[in-house]
Structures are given as C-alpha cells and as structure tokens.
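For reference, the structure discussed in these notes is given below.
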Amino acid sequence: MFIKNNYFQKFVFKLVIFLMILGGGATLLFSPTGSEYKKNEARIFIERGDSASEVGADLSDKNIIRSNLGFKIYLWYKGASNNIQPGSYTLNSSLSLDEIISIITKPNPIEASVKIVEGATVRDIDKVLADSNILLAGEFVKYVKNLDIPVEGLLLPDTYRFYLDSSPGDIVLRMQENFNGKALPLLENNLENYYETIILASIVEREVPNYEDRRIVAGIFKKRLENDWPLQADITLCYEKIGKCYPITQSDKKRDSEYNTYLNKGLPKTAIGNPSVSAIKAVLNSKTTPYWYYISDPLTNKTVFATTLDEHNANISRYLTRN
C-alpha cells in the first residue's frame, strides 16, 4: 500500500539527502552551478505536456542546474512534479532549486504583445523584446549585426504578438513582412533607390513630429543633398551615442562617424531608426519651399523655418538660448 503522507515524503527525502551526503553527492545534485557574481543566463521554453525529466534535461544542458536527477528529486519532495507551467523563462545559474521551481510552477503566458514605437532603433527593439521576456538582452542586436544586409529602417513599427520561444530571425521576418505589406507598396515607383527614401524618412521621423512640417523638412533635406550641402541633422549624431543624446555638443558635431551629417555630406550609411508609414509618405510627398533651415522650439515643439542663415541664427537666439 502506497502511503500518501507529507511527513513520509519528507522522511524519505531527508534519508536520500543523508545517504548522498555520506557519499559526497548532495553538492553535486542540489547546489547552484554559479554565484551572484559569476553566473550564466539562459532562456528555456516549456511546452504543455513536457515532463519533469525533459525540463530538467534542458536546465542541465544549459548549465542552470547541476543534475537532472537532483531536480526531479527536489520537485517530488516539493510535491510539484505535476505543477510545471508552459511558457518562456529566463533563468540564471545562481538560482537555487527552490527559486527555479517557484518560477516554473507559476502560470506564464506563451505569447507577449509588444509595441514598437515609431522611429525605434534596433537597440530600442532589443530592449522591448528583453523586457517582455521574448529574447535575452543583446540577442536581437547581435543577430541583426551579423546579417549581410542592413535591416535598420525595414522593421515596421507596430504592435506585435510574439511567441516567447521566438528566435531573432522569426522576429525580423515578421516585422519585415509587415513592412513589405504596408510600406513597400508606397515605394513601388522608386524601388531602385527605395532605401535612400527609408534613410531620409528615419531622419525626418525623429527630427519633426508634425506631418506637414515633415513634408517641408524632407524638401529642405532633398534641396541640401541636390546642392551638395551637408544635411546637418542633429538626430543622426544620436544614433551611435550611448546614453543621453541631448543637448548636442560641439564635440558631438566633430566626432568621426559615418552618421555625422555635419562632417559628412550625403545620407548616413543606414537608416537611424525604423520610420512609420507616415514619415515615409512625408518624404515621398515632400514640399518645395524657399526654406533652407529649421529648428524645433523646445517649449512648444513647433518647427520654426528660415530662408537665410541670418534669419536662422536669429531663430536660434530667440528660441534656443532663452532662459
């Protein structure tokens, strides 16, 4: 007759521990593989119906636990062998078996909804995905950097639902398919140079918030390019700058970078973010005006335009240097 008794289970467990200690095996089975100061992190995906043995094998393979056997024994002792929940979990090797079991036995969704804001960079997307437990921090950036062609600018901002076991490639493919469906048809008359439009749209997106003002600024940029002027767009200086971007300094404007549109003429080598359909439309429908210059009033966010350099400098003095 099998005795279903909590005290009996604990007695058996303690007996097993005692015997393993005598044999020097307790540390091997139950202690963490790392410490708070030296640990590795891994993501596991548990599917509905996965056994304790399958989960333990995955944890052991990823060096999160020392022993699949120790994991199963401890699960049995906690009475949690049948309580493992499907989902995606980010775990590290400094966690105790108690902590690991506590995490994987709590309900966890297998999908997450994420909002990629207009103008978001690959680094921004990486953070959103990591915060939503879809990928590990840095995983998306690393994957994109190793691609043969740039995808910055081609990942359409939108709200997405991703499985928590999605790979970086899955996510890039999904976002590019969305781009192909919603943005690429707008570019069908200019497919040969479509990426130049995307680069310009990525700058306009983050420089100016208003659609009609974006059309004017896009016209200014095109005019500068046609007349061999540097674009001198502050936002391009932010692309490689780590941490807080503003205020833009003189050293920023002198930094040697392919994204420095003060030092270099022409467009940056890639987009500086992922523009919205609205920003792409603004570039495609740019407006010709007598303006050559513009600034954004930091108090009202209004774009102030100027035809001459003297007028532009007066606007800077009026709007950007006031107390």
Residue pairs meeting the criteria (Cβ under 7 Å; at least 6 apart or on separate chains; first open to solvent by 20 Å² or more (accessible area, probe 1.4 Å), in the range 198-217; second part of a helix (DSSP H, G or I) and not hydroxyl-bearing (Ser, Thr, Tyr)):
Arg206/Ile235; Glu207/Val217; Glu207/Ile235; Tyr211/Ala282; Arg215/Ala282
Quick check, is Asp310 among the charged types (D, E, K, R), open to solvent by 40 Å² or more (accessible area, probe 1.4 Å), out of contact with any Phe, Trp or Tyr (no Cβ under 7 Å at 6 or more places or on another chain) and within 30 Å of Asn190 (Cα to Cα)?
no
For the range 290-323, what are the residues that are of a type in the set (Gly, Ala, Ser) and part of a helix (DSSP H, G or I)?
Ala314, Ser317
Only listed residue being modelled with pLDDT of 95 or more, over 23 Å from Lys127 (Cβ atoms), more than 33 Å from the chain's Cα centre (by Cα) and not in a loop (DSSP other than H, G, I, E, B), chosen from Lys287, Lys223, Lys281
Lys223
What's the number of the condition Ser278 fails, among (1) hydroxyl-bearing (Ser, Thr, Tyr); (2) touching a Pro at 6+ places or on another chain (Cβ under 7 Å); (3) open to solvent by less than 50 Å² (accessible area, probe 1.4 Å)?
(2)
Mind listing just one residue for me: the one in the range 123-146 that is in contact (Cβ under 8 Å) with a residue 60 or more places away in the chain and part of a helix (DSSP H, G or I) and, of those, surrounded by the most Cβ atoms within 10 Å (Cβ to Cβ)?
Ile125
Test for Gly153: is it at pLDDT 95 or above, of a type in the set (Gly, Ala, Ser) and surrounded by 17 or more Cβ atoms within 10 Å (Cβ to Cβ):
yes
If the Cβ limit is 6 Å and pairs must be 6+ apart or interchain, which residue in the range 156-170 that is in contact (Cβ under 8 Å) with a residue 40 or more places away in the chain and over 28 Å from Glu205 (Cα atoms) pairs with which residue that is open to solvent by 20 Å² or more (accessible area, probe 1.4 Å) and not aliphatic (A, V, I, L, M)?
Tyr163/Glu111; Asp165/Phe45
Between a residue in the range 284-299 that is among the polar types (S, T, N, Q) and any residue that is in a loop (DSSP other than H, G, I, E, B) and at pLDDT 95 or above, which pairs come within a Cβ distance under 9 Å, given they are 6 or more apart or on different chains?
Thr289/Thr307
Does any residue of the range 58-74 turn out to be open to solvent by less than 60 Å² (accessible area, probe 1.4 Å) and under 23 Å from the mean Cα position of the chain (by Cα)?
no
So Glu258, is it within 26 Å of Gln176 (Cβ to Cβ) and among the acidic types (Asp, Glu)
yes
If Ile101 passes every condition in (1) part of a helix (DSSP H, G or I); (2) open to solvent by 10 Å² or more (accessible area, probe 1.4 Å) but one, which one does it miss?
(2)
Counting just the residues of the range 218-246 that are of a type in the set (Val, Ile, Thr) and free of Cβ contacts under 8 Å to residues at least 40 places away in the same chain, which one comes out farthest from Glu196 (Cα to Cα)?
Ile242
Residue check for Ala233: touching a helix residue (DSSP H, G or I) at 6+ places or on another chain (Cβ under 9 Å), farther than 26 Å from Met175 by Cα and open to solvent by less than 20 Å² (accessible area, probe 1.4 Å):
yes
Among the residues of the range 247-261, what is the count of those that are more than 19 Å from His312 (Cβ to Cβ), assigned to a loop (DSSP other than H, G, I, E, B) and among the hydroxyl-bearing types (Ser, Thr, Tyr)?
3
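The values are calculated or read from the model by the stated rules, or taken from the named source; none is laboratory data. Since the structure is predicted, the reported quantities are computational estimates derived from the model, not experimental observations. Counting neighbours? That spans all protein chains shown, and the Cβs are built from the backbone with ideal geometry, glycine included. These area figures cover heavy atoms from the full protein model, side chains too; ligands, DNA and RNA do not enter into them. Shrake-Rupley method; radii C 1.70, N 1.55, O 1.52, S 1.80 Å.
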